[in-house]
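Colleague: One structure, as structure tokens, below. Some questions next.
The values are calculated or read from the model by the stated rules, or taken from the named source; none is laboratory data. Keep in mind that what you see is a predicted model, and the values were worked out from it rather than measured. A quick note on method: Cβ atoms are made from the backbone with ideal geometry, for glycine too, and the neighbour counts reach across all protein chains shown. Areas reflect the complete protein model, heavy atoms only, side chains present, ligands, DNA and RNA absent. Shrake-Rupley method; radii C 1.70, N 1.55, O 1.52, S 1.80 Å.
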Amino acid sequence: MRDSITDLFDPRTEMDSDLDKVPDEGNFGFAFNDSNFSDRILRIEIMEGSSDSKSDCDGCTSLADWARNRKRRREDLKKDNGVDVAAGPEEQVLNQPDADDVLGCENDEEEAVAMVEESPSGDEAAQSNDSSWSMDCSTVVTVKTLHISSPILAAKSPFFYKLFSNGMRESEQRHVTLRINASEEAALMELLNFMYSNTLSATTAPALLDVLMAADKFEVASCMRHCSRLLRNMPMTPESALLYLELPSSVLMAEAVQPLTDAAKQYLVNRYKDITKFQDEVMALPLSGIEAVLSSGALQVASEDTVYDFVLKWARVQYPKLEERREILGSRLLRYIRFPHMTCRKLRKVLTCSDLDYEAAMKHVIEALFFKAEAPHRQRTLAAEDAASSNHRYLERAYKYRPVKVVEFELPRPQCVVYLDLKKEECENLFPSGRVYSQAFHLGGQGFFLSAHCNMDQQSSFYCFGLFLGMQEKGSVTFAVDYEFAARQKPTEEFLSKYKGTYTFTGGKAVGYRNLFSLPWDSFMAEDSPYFINGNLHLRAELTIRH
């Protein structure tokens, strides 16, 4: 019987039908605080809190005000560190339900306190009152009495269900007492009304957050879901997104709030996908915001090396102490860096970085090198499997500079073979005059790169695919290189040479072929194009230094 009753409060049973709507459970608003439809009396004792006993949303014109008020009240509560109540002989103080039976974890900051009490008379009443309040560190400033229906409240909340069905003599009594802080009064009244009517009168984000916190405290999943939907439909800002991601852990762990936190993360990802555009803002983000941004595969960065450098820079600003910085990097941030897509040069620097624990750095570097050594089909398999995980360490981001695989030779002459793969969608996006660049690679101490273009064939006046080789360093350096471009081609799917030549590079110069495949653009991109194999264009460049 217990298992079947617990299922009533499993949020998944309601969320499967429609995450965004309050379940159609009937509107019992007419019965709220009506003795004709009630079997219990709820006595709400409103305790005197800190000097600021208003709700978190009172006087708030923004979510920033709400956050400041809540932070100040939490600090006051920590200072007071008072006991809610010392139960008298006729009172039964109920603990929160077990974690298995509720939507989320207990709120460590403010636990719901409930009592079911008899109504003693005469001397018993005086004795009971004396013993109840003798150890109380707070003062009841207001008492509200409501007529309630235990079936309605129990159907909506595991907290009230346990309160009304704890198997004890007290659960059969008519009077139930809740003890709350003054700051919670407005939110609790909204919550109780919602449990009858499935509607809220609160319309501002601060007020809805107060109700959300109360719904979490008293385990009303449907109200949490409703507040989450209303907040999600409001305009998002960086401040509100960060506030949603930094709600108490019990709220964040609730499935009902997951769509709100997902929307907050997506907002931050969309706003800061180009981390160089809002560099000052991004550097000021708290840890929860940085984690949201780094988890995205849509970051518009030059390469994963850029992500690694940014994470170190952010950590050094936010955590000046080395021990704290190492802890945060190791336990929270390194998981978001996709080491397998970093260059080998940068991976060498990872091993010597003093900000990182050496063993953790070694683990990530070895994993990256093993991935790089895998055959292409095995890499694709690992990336596909990784797509279902949360860290996506094997998946490429939307890099501005495309990753390359490089094989280097020292003898008989300095030589390197560079492999560049482009997806068909990437090639489509090049039309009519786009370019895509590879990550840098090195030969003879000099940095080189490949660039793929859609350009106009000057002789035939049609668009075509071009491939170029450039040298990074500018200046007076000259470098003679033999080069050859090749591409995989159907039906053999082997690399076939397309163009070769010799060029003496000077800094900043590039050489290549404007129409690598001797085809118009439409023929190159056609469905029967021999150059796209499983949706990918496979290019190869061989470079050899001339003596």
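Colleague: Look through region 126-164, keep the residues that are at pLDDT 85 or above and part of a loop (DSSP other than H, G, I, E, B), and return whichever of them is surrounded by the most Cβ atoms within 10 Å (Cβ to Cβ).
Modeller: Ser157
Colleague: Now a separate question. Keeping to region 512-547, report how many residues are farther than 23 Å from Gln458 by Cα, open to solvent by 30 Å² or more (accessible area, probe 1.4 Å) and part of a strand (DSSP E or B).
Modeller: Of the residues in region 512-547, 3 are farther than 23 Å from Gln458 by Cα, open to solvent by 30 Å² or more (accessible area, probe 1.4 Å) and part of a strand (DSSP E or B).
Colleague: Could you look through region 491-510, keep only residues that are of a type in the set (Ser, Thr, Tyr) and in a strand (DSSP E or B), and pick out the one that is modelled with the lowest pLDDT?
Modeller: Looking at residues that are of a type in the set (Ser, Thr, Tyr) and in a strand (DSSP E or B), I get Thr506.
Colleague: Answer yes or no as to whether Lys509 is among the basic types (Lys, Arg), open to solvent by 70 Å² or more (accessible area, probe 1.4 Å), under 22 Å from Leu422 (Cβ atoms) and in contact (Cβ under 8 Å) with a residue 12 or more places away in the chain.
Modeller: no
Colleague: Kindly evaluate Asp210 against the criterion of being within 22 Å of Arg43 (Cβ to Cβ) and in contact (Cβ under 8 Å) with a residue 60 or more places away in the chain.
Modeller: Taking the combined requirement at face value, the residue satisfies it.
Colleague: Give the residues of region 484-501 that are touching a residue at least 40 places away in the same chain (Cβ under 8 Å) and open to solvent by less than 60 Å² (accessible area, probe 1.4 Å), sorted by residue number.
Modeller: Passing the criteria: Glu484, Phe485, Ala486, Ala487, Gln489, Phe495.
Colleague: Among the residues of region 472-483, is any open to solvent by less than 70 Å² (accessible area, probe 1.4 Å) and within 25 Å of Phe431 (Cα to Cα)?
Modeller: no
Colleague: If you don't mind, another one. Somewhere in region 235-249, is a residue more than 16 Å from the chain's Cα centre (by Cα), buried (at least 19 other Cβ atoms within 10 Å of the Cβ) and farther than 30 Å from Thr306 by Cβ?
Modeller: No, every residue in region 235-249 fails to be more than 16 Å from the chain's Cα centre (by Cα), buried (at least 19 other Cβ atoms within 10 Å of the Cβ) and farther than 30 Å from Thr306 by Cβ.
Colleague: Could I ask something else about it? Look at Asn455 and say whether it is in contact with a strand residue (DSSP E or B) (Cβ under 7 Å, 6 or more places away or on another chain), closer than 24 Å to Glu426 by Cα and not in a strand (DSSP E or B).
Modeller: For Asn455, the condition - in contact with a strand residue (DSSP E or B) (Cβ under 7 Å, 6 or more places away or on another chain), closer than 24 Å to Glu426 by Cα and not in a strand (DSSP E or B) - is not met.
Colleague: One residue is enough: does region 313-334 have a residue meeting the conditions more than 13 Å from the chain's Cα centre (by Cα), in a helix (DSSP H, G or I) and under 18 Å from Tyr394 (Cα atoms)?
Modeller: Yes, some residue in region 313-334 is more than 13 Å from the chain's Cα centre (by Cα), in a helix (DSSP H, G or I) and under 18 Å from Tyr394 (Cα atoms).
Colleague: Moving to a separate point now. Please enumerate the residues belonging to region 198-213 that are open to solvent by 10 Å² or more (accessible area, probe 1.4 Å) and either closer than 15 Å to Ser157 by Cβ or part of a loop (DSSP other than H, G, I, E, B) (or both).
Modeller: Hits for region 198-213 are Asn198, Thr199, Leu200, Ser201, Ala202, Thr203, Thr204, Met213.
Colleague: Which number in (1) open to solvent by less than 30 Å² (accessible area, probe 1.4 Å); (2) closer than 30 Å to Ser295 by Cβ marks the one condition that Leu469 misses?
Modeller: Only one criterion is unmet by Leu469, namely (2).
Colleague: Tell me which of these Phe339 doesn't satisfy, since it passes every other one: (1) open to solvent by less than 10 Å² (accessible area, probe 1.4 Å); (2) on the phi > 0 side of the Ramachandran plot; (3) not acidic (Asp, Glu).
Modeller: Among (1) open to solvent by less than 10 Å² (accessible area, probe 1.4 Å); (2) on the phi > 0 side of the Ramachandran plot; (3) not acidic (Asp, Glu), the lone unmet condition for Phe339 is (2).
Colleague: How many residues are within 30 Å of Val436 (Cβ to Cβ), assigned to a helix (DSSP H, G or I), open to solvent by 10 Å² or more (accessible area, probe 1.4 Å) and of a type outside the set (S, T, N, Q) if we restrict to region 250-302?
Modeller: Qualifying residue count, region 250-302: 8.
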